[in-house]
Amino acid sequence: MPKLDLSRLPFFLSFLSVLFGGIFLLTATFLAGSVSAIVPHTLPGLNGLDLSPYRMDMVGDVDSSRLNPDKYLTDTLPSSRRVLPDGRTLRIFEVYAVNKEIEIAPGVFFPAWTYNGQVPGPTLRATEGERIRVIFKNLGDRPHSMHFHGFHSADMDGSHLHQLVPPQGTFIYEFDADPVGLHLYHCHATPLTQHIHNGLYGLWIVDPQEGRPPARELYMVMNGFDPNFDEENEIYAVNTVAFHYNRHPILVKQNELVRIYLANLLEFDQINSFHIHATFFDYYPTGTQKKPRDFTDTVIQGQAERGIVEVRFPYPGDFMFHAHKTEFAERGWMGHFRVLPEKASK
Amino acid sequence: MDKEKNSSLTTQLFFALIPLILLAGVIYVLLSGGPTKIFQTDIPPIEKLHVLRHTLEKDTILLDCINSGPDAVTIAQVMVRGAFWYHEISPKRTLNPLETARVLIPYPWNPGEPVGIVLLTSTGLTFDYEIEVASLTPKPSMVAFGRFAMIGVYVGLIPVALGICWFPFLRRLGKRGVGFFLYLTVGLLAFLVFDAVTEGLKIAENMPSNFHGPALLALGLAGAYLVLIGIETRIQEKRGGLKGGILLAWLIALGIGLHNLGEGLAIGSAYVIGELTLGAMLVIGFTIHNATEGIAIVVPLLKEQPKLPSLIGLGLLAGGPTILGCWIGAFTYSQAWSLLFLGIGAGAILQVIFIIMGRQTLSETLSLINIFAMIVGYFVMYGTSLLVGAS
């Protein structure tokens with residue numbers, strides 16, 4: 001009977017050790033994930049219902065010291081004024097384009113192209129008939145422009161290739177504040193969708209000379225973001241930060257007139273919508289007419305469409321407002337008004 | 001000179017360490033900056049997230065994820081069916097390469113519906129995961145163990161046993177009949193090898209790329225083949241030649257057993273995550289398909305006098321591992337295991353094929369009748385596999 005040949009044993013032993021070592025490593029890695037257990041919290045509701053599975057929400061909050069939707073709601077861009085020889089007012093704004101990373105949802109960062117470091121860009125506001133001068137500096141790393149909606153001469157349109165402002169370049173736009181209404185400005189550089197989507201847009205408001213009735217005024221830009229560049233929005237919001245006004249409700253008083261300057265700057269999607277709970281509002285499309293078109297609680301806006309909403313809340317409490325295109329609401333376009341009782345708030 | 005001889009071991013060790021020391025030096029230089037700047041670009045970090053497995057409990061979705069890319073990934077938010085949803089992540093949101101995390105999403109999922117989940121990272125990249133059909137994940141319990149054992153029995157053990165029951169019939173065939181069935185077996189086994197490799201590559205496709213699934217499959221295949229060749233050679237040397245068909249039958253049973261272990265793993269894990277609904281038709285399909293495996297085992301024994309216990313033993317070795325595979329597949333994550341065992345099974349079967357075909361000279365082996373038998377065997381397997389399209 002021939003003896004067992006041991007000379008080849010080391011080969012088999014080393015082979016086996018590699019095999020089982022590999023199996024062990026793989027198992028260890030794969031099982032590591034299933035070891036850590038999380039105990040889910042419960043959220044008690046009516047009759048002992050656990051509400052925790054129903055929390056359509058994001059986790060965490062954004063750092064609002066860098067980008068604050070609450071400030072955007074009420075702030076306009078400061079301007080300087082001069083009186084022209086013919087007695088008219090010349091209003092001067094300074095706007096610059098700059099790249100800035102912004103937090104569009106808790107923990108989600110987007111490399112935005114901005115006007116004055118914010119998205120939406122600052123709200124420019126003037127009175128009908130004023131002469132407007134916008135000193136635009138491009139501090140970004142590619143050509144940009146400003147294109148205003150409203151009456152102006154061809155050389156002030158900011159839309160043609162030869163009107164692109166190069167990096168470090170400056171251009172001064174001049175035109176009359178005309179017509180009355182809620183308008184827009186945005187970058188018209190190519191590729192157009194990307195320049196607008198990346199954050200280069202803002203409100204341009206022309207007030208009537210006699211003014212509008214006193215009200216609590218709020219600026220709301222419905223926008224969205226496509227952070228993975230698949231030409232579909234993953235995140236929707238009003239004033240950039242998803243669910244911001246859910247986490248930080250907007251305080252208003254019972255029965256006070258609230259005027260919302262509402263615009264839709266969404267790219268990639270055809271329409272957007274705006275719906276307020278438990279009240280109805282007057283809607284003035286583009287803010288150009290004195291008579292409201294609708295008395296409603298839901299309004300639809302296409303791309304670049306905008307209008308003025310005038311609303312009163314008859315009851316105190318928390319009331320939702322959101323896109324009634326509900327998939328947008330579920331992806332961040334949802335907020336709350338907190339209506340303070342009339343007596344307590346006086 | 002003598003000194004050198006005395007310290008030969010130390011010197012040898014020193015020379016072995018030189019490349020390692022130099023490698024450590026190179027890594028140190030790279031990590032301490034300097035030359036890495038050459039490789040730095042404006043390209044953002046490459047993020048890769050892979051969901052290894054999901055678990056569905058009542059009103060809760062659990063995902064086990066691994067960072068399979070070269071850079072850290074932070075899971076910022078989670079979307080379920082297009083809506084952002086509250087969730088918790090343990091142990092932490094930021095995963096370094098090869099780190100794992102468990103995402104817990106309290107969500108009112110409905111049985112029978114697909115659930116699409118999107119993990120949104122801090123840089124805005126999205127990683128999609130689809131639960132094809134939501135169903136409660138069985139927890140390891142006596143009942144569940146019993147149920148998966150039954151699946152294994154129906155899919156693995158019973159069919160193989162049924163196949164072995166052809167033994168008396170096959171014995172009554174003449175010498176030519178036996179030869180025909182031996183090469184029919186080669187055809188059956190060849191199908192199993194091909195099937196294991198294609199199924200393995202399918203599994204490999206769904207694995208994180210840095211686990212190199214195809215390489216794992218090849219490791220199992222080549223490893224099993226070489227080890228079995230080694231064992232067989234040793235036994236031959238010891239016994240002075242392969243004695244009859246008994247050893248061959250055991251080797252075939254071992255190969256099929258390993259194959260069925262891999263198959264059980266795949267069935268168990270697919271069943272658990274709802275990708276496979278084991279309807280009556282599918283079980284019947286598996287039964288018919290795997291019955292042909294039983295034939296393969298007993299064909300080498302036709303000229304022997306095997307006792308009943310050894311026939312039972314062969315059946316258990318070939319069919320039993322399906323039960324084990326179902327358990328492992330159902331209760332632990334098993335893609336890699338499945339792949340490895342499919343590879344090992346394929347290697348073992350391949351070795352058996354070579355033994356059978358190496359018994360005669362090439363011209364004898366490749367006679368027209370043998371080739372015909374092999375094609376018929378392959379086709380029988382192919383035909384019965386049509387009944388188990390989902391596996």
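The values are calculated or read from the model by the stated rules, or taken from the named source; none is laboratory data. Only a predicted model underlies this, so the values are computations on that prediction, with no experimental measurement involved. So basically every Cβ, Gly included, is an ideal-geometry build from the backbone, and we count neighbours across all protein chains shown.
Determine whether B:Val133 is more than 10 Å from every other protein chain (Cβ to nearest Cβ) and among the aliphatic types (A, V, I, L, M).
Values: more than 10 Å from every other protein chain (Cβ to nearest Cβ): yes; among the aliphatic types (A, V, I, L, M): yes.
Taking the combined requirement at face value, the residue satisfies it.
From the list B:Ala215, B:Ala196, pick out the single residue that is within 14 Å of another protein chain (Cβ to nearest Cβ) and part of a helix (DSSP H, G or I).
Numbers: B:Ala196 fails: within 14 Å of another protein chain (Cβ to nearest Cβ).
None of the other options fit; the residue is B:Ala215.
Take the range A:315-344 and flag every residue that is away from chain B (no Cβ under 14 Å) and over 16 Å from A:Pro249 (Cα atoms).
Listed by number, the residues that qualify are A:His324, A:Glu342, A:Lys343, A:Ala344.
If you go through the range A:297-325 one residue at a time, how many are touching a His at 6+ places or on another chain (Cβ under 9 Å) and either of a type in the set (Ser, Thr, Tyr) or within 23 Å of A:His149 (Cβ to Cβ) (or both)?
6
List the pairs whose first member sits in the range B:59-82 and is among the hydroxyl-bearing types (Ser, Thr, Tyr), whose second member is part of a strand (DSSP E or B), and whose Cβ atoms are under 8 Å apart, counting only residues at least 6 apart or on separate chains?
Cβ pairs passing all conditions: B:Thr60/B:Leu104; B:Thr60/B:Ile105; B:Thr60/B:Pro106; B:Ser68/B:Leu49; B:Ser68/B:His50; B:Thr74/B:Thr94; B:Thr74/B:Leu95; B:Thr74/B:Thr121.
Conditions: (1) in a loop (DSSP other than H, G, I, E, B); (2) within 18 Å of B:Phe191 (Cβ to Cβ); (3) not β-branched (Val, Ile, Thr). B:Arg359 meets all but one. Number of the miss?
The single condition B:Arg359 does not satisfy is (2).
State whether the residues of the range A:130-144 include one that is surrounded by 18 or more Cβ atoms within 10 Å (Cβ to Cβ), of a type in the set (Phe, Trp, Tyr) and either under 19 Å from A:Leu265 (Cα atoms) or free of Cβ contacts under 8 Å to residues at least 40 places away in the same chain (or both).
No.
Tell me which of these B:Met207 doesn't satisfy, since it passes every other one: (1) outside any helix (DSSP H, G or I); (2) within 29 Å of B:Leu368 (Cβ to Cβ).
Unmet condition: (2).
When B:Thr137 is evaluated against the numbered criteria (1) among the β-branched types (Val, Ile, Thr); (2) modelled with pLDDT under 85; (3) under 30 Å from B:Leu302 (Cβ atoms), which criterion, by number, is the only one it fails?
Of the numbered conditions (1) among the β-branched types (Val, Ile, Thr); (2) modelled with pLDDT under 85; (3) under 30 Å from B:Leu302 (Cβ atoms), the odd one out for B:Thr137 is (3).
Mind checking which helices (runs of 4 or more DSSP H) fall wholly inside the range A:240-346 and carry at least 2 residues that are under 15 Å from A:Met220 (Cβ atoms)?
Working: elements: A:244-247, A:326-330, A:342-345.
Of the helices (runs of 4 or more DSSP H) lying wholly inside the range A:240-346, those with at least 2 residues that are under 15 Å from A:Met220 (Cβ atoms) span A:244-247, A:326-330.
Hey, can you tell me all the residues within the range A:72-99 that are in a strand (DSSP E or B), surrounded by fewer than 18 Cβ atoms within 10 Å (Cβ to Cβ) and touching a residue at least 40 places away in the same chain (Cβ under 8 Å)? Break it down into steps so the answer makes sense when it comes.
Residues of the range A:72-99 that are in a strand (DSSP E or B), as a first pass: A:80-83, A:89-99.
Subset that is surrounded by fewer than 18 Cβ atoms within 10 Å (Cβ to Cβ): A:80-83, A:89-90, A:92, A:94, A:96, A:98-99.
The answer is A:Thr89, A:Leu90, A:Ile92, A:Glu94, A:Tyr96, A:Val98, A:Asn99.
Can you name the residue in the range A:192-247 that is among the basic types (Lys, Arg) and away from every other protein chain (no Cβ under 13 Å) and, of all such residues, is nearest to A:Glu103 (Cα to Cα)? Spell out the reasoning first.
First, pick out the residues of the range A:192-247 that are among the basic types (Lys, Arg): A:212, A:216, A:247.
The next check asks that each one be away from every other protein chain (no Cβ under 13 Å); those that pass are A:212, A:216.
On the way: A:Arg212: 35, A:Arg216: 28 Å.
Only one residue fits best here, namely A:Arg216.
Look through the range B:86-133, keep the residues that are part of a loop (DSSP other than H, G, I, E, B) and touching an Asp or Glu at 6+ places or on another chain (Cβ under 6 Å), and return whichever of them is farthest from A:Pro106 (Cα to Cα). Give the derivation first.
We begin by selecting, within the range B:86-133, every residue part of a loop (DSSP other than H, G, I, E, B); these are B:86-87, B:91-93, B:96-99, B:107-114, B:122-125, B:132-133.
Remaining after also requiring touching an Asp or Glu at 6+ places or on another chain (Cβ under 6 Å): B:86, B:108, B:114, B:125, B:132.
Details: B:Tyr86: 12, B:Pro108: 24, B:Pro114: 27, B:Leu125: 14, B:Glu132: 29 Å.
Among those residues, the one meeting the criterion is B:Glu132.
Please find, within the range A:54-71, the residue that is nearest to the other protein chains (Cβ to nearest Cβ) out of those that are farther than 19 Å from B:Val80 by Cα and of a type outside the set (Asp, Glu).
This residue is A:Val62.
Anything in the range A:149-176 that is surrounded by 22 or more Cβ atoms within 10 Å (Cβ to Cβ) and within 23 Å of A:Asn264 (Cα to Cα)? List them, or say none.
If the condition is that a residue be surrounded by 22 or more Cβ atoms within 10 Å (Cβ to Cβ) and within 23 Å of A:Asn264 (Cα to Cα), then A:Gly158 is the only one that fits.
Any idea which residue in the range A:301-346 is nearest to A:Leu266 (Cα to Cα), counting only those that are among the charged types (D, E, K, R) and without any contact (Cβ under 8 Å) to a residue 12 or more places away in the chain?
If we filter the range A:301-346 for residues that are among the charged types (D, E, K, R), which is where we start, we get A:305-306, A:310, A:312, A:318, A:325, A:327, A:330-331, A:338, A:342-343, A:346.
Then drop every residue that is not without any contact (Cβ under 8 Å) to a residue 12 or more places away in the chain, which leaves A:327, A:343, A:346.
Details: A:Glu327: 14, A:Lys343: 39, A:Lys346: 38 Å.
Among them, the one singled out is A:Glu327.
Can you pull out the residues in the range B:327-353 that are away from chain A (no Cβ under 14 Å) and either among the basic types (Lys, Arg) or in contact with a strand residue (DSSP E or B) (Cβ under 7 Å, 6 or more places away or on another chain) (or both)?
Answer for the range B:327-353, where residues must be away from chain A (no Cβ under 14 Å) and either among the basic types (Lys, Arg) or in contact with a strand residue (DSSP E or B) (Cβ under 7 Å, 6 or more places away or on another chain) (or both): there is none.
Any residue that is in contact (Cβ under 8 Å) with a residue 40 or more places away in the chain and farther than 18 Å from B:Ala266 by Cα - is there at least one of those in the range B:192-200? Walk me through how you get there before you give the answer.
We begin by selecting, within the range B:192-200, every residue in contact (Cβ under 8 Å) with a residue 40 or more places away in the chain; these are B:192-193, B:195-197, B:199-200.
Cutting the leftovers down to farther than 18 Å from B:Ala266 by Cα gives us none.
Looking through the range B:192-200, none of the residues is in contact (Cβ under 8 Å) with a residue 40 or more places away in the chain and farther than 18 Å from B:Ala266 by Cα.
Each row is one residue, and each column tells you yes or no for (1) surrounded by fewer than 17 Cβ atoms within 10 Å (Cβ to Cβ); (2) over 21 Å from the mean Cα position of the chain (by Cα).
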| site | (1), (2) |
| --- | --- |
| A:Asp178 | yes, yes |
| A:Leu192 | yes, no |
| A:Ile196 | no, no |
| A:Leu200 | no, no |
| A:Pro214 | yes, yes |
| A:Gly224 | no, no |
| A:Phe229 | yes, no |
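Counting just the residues of the range B:45-66 that are part of a loop (DSSP other than H, G, I, E, B), in contact with an Asp or Glu (Cβ under 8 Å, 6 or more places away or on another chain) and not β-branched (Val, Ile, Thr), which one comes out farthest from the other protein chains (Cβ to nearest Cβ)? Walk me through it before giving the result.
The first filter runs over the range B:45-66 and keeps only residues part of a loop (DSSP other than H, G, I, E, B), leaving B:45-48, B:58-59.
From what's left, in contact with an Asp or Glu (Cβ under 8 Å, 6 or more places away or on another chain): B:45-47, B:59.
With the extra rule that they be not β-branched (Val, Ile, Thr), the set shrinks to B:45, B:47, B:59.
On the way: B:Pro45: 12, B:Glu47: 10, B:Asp59: 4 Å.
Within the range B:45-66, the match that is farthest from the other protein chains (Cβ to nearest Cβ) is B:Pro45.
With the condition kept exactly as written, say whether any residue in the range A:152-170 is part of a strand (DSSP E or B) and either closer than 18 Å to A:Leu73 by Cα or out of contact with any helix residue (DSSP H, G or I) (no Cβ under 9 Å at 6 or more places or on another chain) (or both). If you could, list the steps in order and put the result at the bottom.
From the range A:152-170, those part of a strand (DSSP E or B) are A:165, A:170; that's our starting set.
Applying the additional criterion that residues be either closer than 18 Å to A:Leu73 by Cα or out of contact with any helix residue (DSSP H, G or I) (no Cβ under 9 Å at 6 or more places or on another chain) (or both) yields A:165, A:170.
Checking the range A:152-170: at least one residue is part of a strand (DSSP E or B) and either closer than 18 Å to A:Leu73 by Cα or out of contact with any helix residue (DSSP H, G or I) (no Cβ under 9 Å at 6 or more places or on another chain) (or both).
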